[in-house]
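Scroll down for the structure; my scribbles are underneath it.
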Amino acid sequence: MSRRCLGTRLRLVPSPCEIHPDHRAVAEAAYEVVATTRPGDLDHATVRRIRIGFYEITQPILPNALVPLAEHADAKRRAIARFASQAAVRDYAGAVEGLNAYRALTLDGSGPAESFRVVPAAEAVVRPLSELRRDIR
């Protein structure tokens with residue numbers, strides 16, 4: 001993963017605890033880019049401001065941020081429905097709906113909620129991914 005693609009402050013990636021190896025690989029690559037930034041790197045000033053927002057698909061994590069989804073729930077359902085090949089193997093839509101409904105139990109109002117484990121670059125630089133993975137399971 002190129003550091004250049006991480007120019008924005010918040011990068012959303014699947015949780016490193018996800019069941020699917022491709023999802024874990026994306027999480028590991030993003031974490032490595034942020035965790036290995038050093039003051040001598042040309043893009044260090046940009047990378048050190050990044051926060052990684054790990055999200056759940058099939059594996060619940062210990063979140064530190066919840067976002068109500070009521071106004072975006074239909075758009076999310078339509079987006080998930082586009083992954084027809086994955087839906088043929090597993091009911092990812094049902095799993096995500098269940099997680100989002102569960103997460104909403106702790107928020108005021110109605111509708112689903114998305115959960116994230118947000119990790120700032122300053123934490124990633126000093127915390128191995130294996131330790132984070134263990135703590136958010």
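The values are calculated or read from the model by the stated rules, or taken from the named source; none is laboratory data. As the structure is a computational prediction, the values presented were derived from the model and not from experiment. Cβ coordinates were reconstructed from backbone atoms using ideal geometry, including for glycine residues, and neighbour counts include every protein chain displayed. Heads up: the accessible areas ignore ligands, DNA and RNA and are worked out on the full protein's heavy atoms, side chains in. Shrake-Rupley method; radii C 1.70, N 1.55, O 1.52, S 1.80 Å.
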All conditions in (1) touching a strand residue (DSSP E or B) at 6+ places or on another chain (Cβ under 8 Å); (2) modelled with pLDDT under 95; (3) not aliphatic (A, V, I, L, M) are true of Gly53 except (2)
Considering region 37-74 alone, what residues qualify as being among the β-branched types (Val, Ile, Thr) and open to solvent by less than 60 Å² (accessible area, probe 1.4 Å)?
-> Thr37, Thr46, Val47, Ile50, Ile52, Ile57, Thr58, Ile61
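In region 78-99, what residues are loosely packed, with under 15 Cβ neighbours inside 10 Å and either under 17 Å from the mean Cα position of the chain (by Cα) or not in a loop (DSSP other than H, G, I, E, B) (or both)? I'd like the intermediate steps shown before the answer.
Within region 78-99, the subset loosely packed, with under 15 Cβ neighbours inside 10 Å is 78-79, 81-91, 94, 98.
The answer is Arg78, Ala79, Ala81, Ala84, Ser85, Gln86, Ala87, Ala88, Val89, Gly94, Gly98.
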When the residues of region 121-137 are filtered to those that are out of contact with any Leu (no Cβ under 8 Å at 6 or more places or on another chain) and not in a helix (DSSP H, G or I), which remaining residue is most open to solvent (accessible area, probe 1.4 Å)?
-> Pro128
Can you find even one residue in region 100-120 that is surrounded by fewer than 11 Cβ atoms within 10 Å (Cβ to Cβ), of a type in the set (A, V, I, L, M, F, W, C), in a loop (DSSP other than H, G, I, E, B) and out of contact with any Asp or Glu (no Cβ under 8 Å at 6 or more places or on another chain)?
-> yes
Hey, Glu32 hits all of (1) open to solvent by 20 Å² or more (accessible area, probe 1.4 Å); (2) within 19 Å of Glu123 (Cα to Cα); (3) touching a Pro at 6+ places or on another chain (Cβ under 7 Å) but one; which does it fall short on?
-> (3)
Out of Ile57, Ile19, Ile61, sole residue that is within 17 Å of Arg137 (Cβ to Cβ), over 11 Å from the mean Cα position of the chain (by Cα) and either of a type in the set (Lys, Arg) or part of a loop (DSSP other than H, G, I, E, B) (or both) | Ile19
Please give the number of the condition Ala30 fails out of (1) touching an Asp or Glu at 6+ places or on another chain (Cβ under 7 Å); (2) assigned to a helix (DSSP H, G or I).
-> (1)
Do any residues in region 80-99 that are basic (Lys, Arg) have Cβ atoms under 7 Å from those of residues that are surrounded by 14 or more Cβ atoms within 10 Å (Cβ to Cβ), where the two are at least six apart or on different chains, and which pairs are they?
-> none
Among the residues of region 54-74, is any free of Cβ contacts under 8 Å to residues at least 24 places away in the same chain, within 21 Å of Pro21 (Cα to Cα) and touching a Lys or Arg at 6+ places or on another chain (Cβ under 8 Å)?
-> no
